[in-house]
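Reading through the C-alpha cells given below for one structure.
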Amino acid sequence: MLNEQTTQISAPKKAAKTEFDVIGFFAKFAPLIFLIVLIIAFGLANERFLSPRNISNILTEVSIFGLMSIGMTFVILTAGIDLSVGAILALAGMMAALVATGGNYEGAATDSATIWWGFAFLTAIGVGIAAGLLQGFTTNWLGVPPFVVTLGGMTIFRGITLLVGGGGPISGFDAGFRWWGRGDIFGVPVPVCLFGFFAVVAWVTLKHTRFGRNVFAVGANPEAARLSGINVKFVITAVYTITGFFAGLAAFVLAARLNSAEAVAGMSFELRVIASVVIGGTSLFGGIGGVAGTVVGALLIGVMMNGLVMLNVQSFWQQIVIGVIIVLAVAFDTYAKSRRSSA
C-alpha cells in the first residue's frame, strides 16, 4: 500500500520534470536557429553569399558594431541604455585621426609625416572612456535617467565631432594604423580577432568574476543589491565606462579600416548595437542575458544586412526589418518575463 501511494505521489513530479518548455526553449535558442535559417536561405538565393570573401566581409563588418554591442550588453544587463555609442565612436575616431596626422586636417601626405599609431589608439580609447565615465557619473550622481543622459550625449558628442573636424573627414594614416582595420592574423582579419578576443574576455568577466555577478544583481534588483552590500553606483558608472571603452576601440578600428575619420561615422549604429543585444536574449528589464547571445545577435544582424544587399533589396528596408525585429524581440521578452513572474 505504501509503495502504491509513493508511486502515485511521485508520478506527477516526473511528469512535471519531463514537460517541455517551448517558450523557454525559443527564448534561449531562437536567435541561433534564426541565424542558421538565414544563412541557408541567403546561401540558396545567391551562390556568392557563402564565398570565403563575402564571409570575411560579413565578419569584419560585424566586428565593428559587435565590439560596441559587447559594451552595450553590460549596460542593458543593469536595465540601462546608451543611445550615444555612435556619436562617441565618431568623436573618438576624429580625435584619433587628428593625433595620427599630427593635427593635419588634410591628412598625412606620407607615412613618415604621421605620428605613431599608438598615440592615436590611446586617444580613441581615452575619449571613449571619458565620455562613458561622464555619462555614468551624470546618471548616478545627478539622478538623471540614462535615456535622457545618453540622448543628450548623442547630440553633444556629435556636435563636438563636427567642431573638431571642421565638418569634413580626416584621412591618410600610416601603414601601422591601417593594419588594425585591414590587416590579418594567420588569415583572420584583425577586427574579427579583436571582436573574438574581447567577447571571450567579457564572457569570462560576466560569468566568473565578482564584478560580473554584481552587474546581474544590480540589473535584477538594484535595491536588493544595495542592501546586500554591492556599491550600485559604482557598478552603473563602470558599465557606462566599459561601453565608452568599446566605442573608442571600435572607432579606432573603423578609422583604420576606412583610412578616414568622418563626423557622420557611426550614424544609426546605436540601432544595430541595441538590436544585437536585445535579439541575443539580453532583457531590457535587466538581470538576464549575456555576451554569447550578443555575439549571435550581432552575427544575425550582419548576415541579414549583407544578404539583403546581395539580393538587391533597397537599403531603407534594412532599417525597417531591424526595427520590426527589435519590437518583436522586446515583446517576446516582456511575455517571457511575465510568464516567469507568474510561475
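The values are calculated or read from the model by the stated rules, or taken from the named source; none is laboratory data. Since the structure is predicted, the reported quantities are computational estimates derived from the model, not experimental observations. Using ideal geometry, Cβ is built from the backbone for each residue, glycine included, and neighbour counts are taken over all protein chains shown.
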Q: Take GLY153 and decide whether it is under 21 Å from ALA263 (Cα atoms), of a type outside the set (Val, Ile, Thr), over 18 Å from the mean Cα position of the chain (by Cα) and modelled with pLDDT under 95.
A: no
**Q.** Some residue of the stretch 181-202 being β-branched (Val, Ile, Thr), closer than 30 Å to PHE332 by Cα and out of contact with any Ser or Thr (no Cβ under 8 Å at 6 or more places or on another chain)
**A.** yes
Q: Give the residue that is surrounded by the fewest Cβ atoms within 10 Å (Cβ to Cβ), with candidates limited to residues of the stretch 82-103 that are of a type outside the set (Gly, Ala, Ser) and within 20 Å of ILE236 (Cβ to Cβ).
A: LEU83
Q: With the checklist (1) among the aromatic types (Phe, Trp, Tyr); (2) part of a helix (DSSP H, G or I); (3) modelled with pLDDT under 95 in hand, flag the one item PHE49 doesn't pass.
A: (2)
(Q) Tell me whether the stretch 156-176 contains one or more residues that are more than 23 Å from PHE269 (Cα to Cα), surrounded by fewer than 14 Cβ atoms within 10 Å (Cβ to Cβ) and either touching a Gly at 6+ places or on another chain (Cβ under 6 Å) or β-branched (Val, Ile, Thr) (or both). (A) no
Q. If the Cβ limit is 6 Å and pairs must be 6+ apart or interchain, which residue in the stretch 175-193 that is part of a helix (DSSP H, G or I) pairs with which residue that is of a type in the set (Val, Ile, Thr) and surrounded by fewer than 19 Cβ atoms within 10 Å (Cβ to Cβ)?
A. CYS193/ILE185
Q: Among what's in the stretch 197-246 and is without any contact (Cβ under 8 Å) to a residue 40 or more places away in the chain, of a type in the set (A, V, I, L, M) and over 14 Å from LEU67 (Cα atoms), pick the residue that is surrounded by the most Cβ atoms within 10 Å (Cβ to Cβ).
A: ALA225
